[in-house]
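Report on the following structure.
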Amino acid sequence: MLRAIIDNLKGLYSLLVGLSITGRFLLSPQRTVHYPRQVVAPESLASFRGPLELVPSADDPAKTRCISCQMCVRACPDNCLKVVKGEGGKAPAVWVYDFSLCCLCAACVEACPASALRFSHKVYLTALTRDELKLDLLADLKARAAKAAGGADARPPAQPPAGLEPQARL
Amino acid sequence: MALSLAVFVQIIVAVLLVIGLMVGNAVVMVYVERKACGFIQRRPGPFEVGPRGLLQAVCDSMKLLGKQIFVPGNIDWPLHFLAPVVAFLPVLLLYLPIPFGPYLTSLQVDDGILLILAFAGLGAVSNILAGWSSNNKYGLLGAARAVAQSVAYEIPMIMALLAVIFMTGTMNLTTLVEGQGGWPWQWNIVRQPLACFIYVVCLVAETNRAPFDLPEAESELTAGFHTEYSGMGFALFFLSEYANMLLVSFVCAVFFLGGWRGPFLDGFWWTFAKAYAIMFFIVWIRWTFPRVRFDQLLNLNWKWLLPLSILNLWLTAVVVKLAN
Ligand code: SF4
Ligand code: SF4
């Protein structure tokens, strides 16, 4: 009986603690941003898993490190990768990735013996049809290399809508 | 009291004002509730409709008004349409004896609190009707829970109020307020802290609010007894839920927090400020505590609140007897 009373008094105290926590949260600044007007700062996206991208090789940013070994294709539970080896050498000629099927499980990234795959941080990717989500990662790699070199023909990477300042706080 | 023409007109005016208060209260509370929820979860809450989302609740109610009334097959339709009305109408009556200010009382009744407690029981009836007539298992489960819950929690609630009535010797709400002073230490909450605590717990349970919102537990019963209601039927349930919340807050303000008496400038604004402070507290609890299990709910009532309220009542009786 006495035990039960003490337990319940402790319980009451814990309720007060809970109230004080939510009360503090009620008064402290918010952690979300109003998306169309504000966007999250790029540093905060470092852990965001967007669609896959190919890692450029050390000497040429337009060349992939992929050796067409098909490990990723086999590891993928959703069958969303297609890698075809090119003529002469190991470099792939086709590297197609269907983002609409991908579950972002990272099995391919871990399976790759050449560390040729990684997740991009594209938050603002949108598409109107499923076909638009079939991404040609070799073209994407070339576009990124061209952009890094200052080429004008670069396909722009996913960007926040124009005229938006990233929120510094986040 | 003879039902003269003057009293009749007074009641009509009062009922119209109360309807206005109920609707306004629901609109304001929906906004406050969603904003408070947002802030507690550290997000902005409704923001896009109107400046800072102020028009959100208005738009929501417009949407409810314009909705098609969808009725499932095999319902018990007289009861199905009766239930929201039974939920809504008694609340109008319940507001009549509340003394909002020194002169702002719809109807001076000597047994005001008796009237409120008697007719508040109709809320459970409307829940049963709604749950039973919907021909829906979630509705029926919600109704069964609603009845078990409101029957259980009415007892300690009445006992808590009874302790104050023993002490002051009146059931007239106006006299109750006049018996308390303006400053917080002259309020009944100081003399009856345990009764006030029990009342506040029962108030949350009686209005089916989280953490005691089992009759309409969204995650278990979709919406409990009002699962099958759409459009205006749902709106009436919603309206009466918020009106009930406001009513029990007013009763709490009158019984324990000195009603319209304040440190300066007595008036109805004090009643409203106190009642809305309690409303905000209810909202705050809702977004803080997880829902209890049904056995925990009943255990809390039968094993703790009921004995405590009996003890409190007994102590009050002894002290009153000795003091006399
Ligand atoms: S992340 Fe998973 S699902 Fe997506 S491509 Fe890699 S292995 Fe397939
Ligand atoms: S596992 Fe790596 S190296 Fe092998 S095909 Fe896939 S991406 Fe290329």
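The values are calculated or read from the model by the stated rules, or taken from the named source; none is laboratory data. Quantities reported herein were computed from a predicted structural model and do not represent experimental measurements. Please note: Cβ atoms are built from the backbone with ideal geometry, for glycine as well, and neighbour counts cover all protein chains shown.
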| query | When you scan region A:45-131 for strands (runs of 3 or more DSSP E) that lie fully inside it, which ones turn up with 2 or more residues that are buried (at least 18 other Cβ atoms within 10 Å of the Cβ) and touching a Cys at 6+ places or on another chain (Cβ under 8 Å)? | reply | A:52-54, A:81-85, A:92-98
| query | Which of (1) within 20 Å of the chain's Cα centre (by Cα); (2) crowded, with 18+ Cβ neighbours inside 10 Å does B:Thr227 not meet, given it meets every other one? | reply | (1)
| query | Of everything in region B:110-126 that's in contact with a Pro (Cβ under 6 Å, 6 or more places away or on another chain) and not aromatic (Phe, Trp, Tyr), which residue is nearest to B:Val91 (Cα to Cα)? | reply | B:Leu122
| Any hit, region B:266-277, residues being within 14 Å of chain A (Cβ to nearest Cβ) and at pLDDT 90 or above | yes
| field | Answer residue from region A:1-41, given it is in contact with a Pro (Cβ under 6 Å, 6 or more places away or on another chain) and more than 11 Å from chain B (Cβ to nearest Cβ) and is surrounded by the most Cβ atoms within 10 Å (Cβ to Cβ) among those | value | A:Val39
| task | Please indicate, with yes or no, whether at least one residue in region A:98-106 is within 10 Å of ligand 2 (Cβ to nearest atom) and in contact with a helix residue (DSSP H, G or I) (Cβ under 8 Å, 6 or more places away or on another chain). | result | no
| field | Residue list for region A:67-81, filter: closer than 16 Å to A:Asp136 by Cβ and near ligand 2 (Cβ under 10 Å from one of its atoms) | value | A:Ser68, A:Cys72, A:Val73, A:Leu81
| Does any residue in region A:94-105 that is closer than 20 Å to A:Cys69 by Cα come within less than 9 Å, Cβ to Cβ, of a residue that is of a type in the set (Val, Ile, Thr) six or more places away or on a different chain, and which pairs are these? | A:Val94/A:Val83; A:Val94/A:Val84; A:Trp95/A:Thr64; A:Trp95/A:Val83; A:Trp95/A:Val84; A:Val96/A:Val83; A:Val96/A:Val84
| request: Any chance you could count how many residues in region A:52-63 are within 14 Å of ligand 2 (Cβ to nearest atom) and either over 11 Å from A:Ser115 (Cβ atoms) or within 14 Å of chain B (Cβ to nearest Cβ) (or both)? | output: 4
| request: Please give the number of the condition A:Gly89 fails out of (1) free of Cβ contacts under 8 Å to residues at least 12 places away in the same chain; (2) near ligand 2 (Cβ under 10 Å from one of its atoms). | output: (2)
| Search result, residues across region B:20-35 that are under 15 Å from B:Ala277 (Cα atoms), surrounded by 19 or more Cβ atoms within 10 Å (Cβ to Cβ) and within 13 Å of chain A (Cβ to nearest Cβ) | B:Glu33
| query | B:Pro44 fails exactly one of the following numbered conditions: (1) part of a loop (DSSP other than H, G, I, E, B); (2) free of Cβ contacts under 8 Å to residues at least 60 places away in the same chain; (3) exposed (fewer than 13 other Cβ atoms within 10 Å of the Cβ). What is the number of that condition? | reply | (3)
| task | Take B:Trp314 and decide whether it is over 22 Å from the mean Cα position of the chain (by Cα), in a helix (DSSP H, G or I), surrounded by fewer than 20 Cβ atoms within 10 Å (Cβ to Cβ) and among the aromatic types (Phe, Trp, Tyr). | result | yes
| message | Here is a check on your reading of the model: is B:Val283 within 12 Å of chain A (Cβ to nearest Cβ), in contact (Cβ under 8 Å) with a residue 40 or more places away in the chain and under 18 Å from the mean Cα position of the chain (by Cα)? | response | yes
| message | Anything in region A:112-129 that is more than 16 Å from ligand 2 (Cβ to nearest atom) and within 10 Å of the chain's Cα centre (by Cα)? List them, or say none. | response | A:His121, A:Lys122, A:Val123
| note | When region A:71-104 is checked residue by residue, the ones that are within 13 Å of ligand 1 (Cβ to nearest atom) and over 24 Å from A:His121 (Cα atoms) are A:Arg74
| request: Go over the candidates B:Gly101, B:Gly38, B:Gly53 one by one and state the one that is at pLDDT below 85 and within 14 Å of another protein chain (Cβ to nearest Cβ). | output: B:Gly53
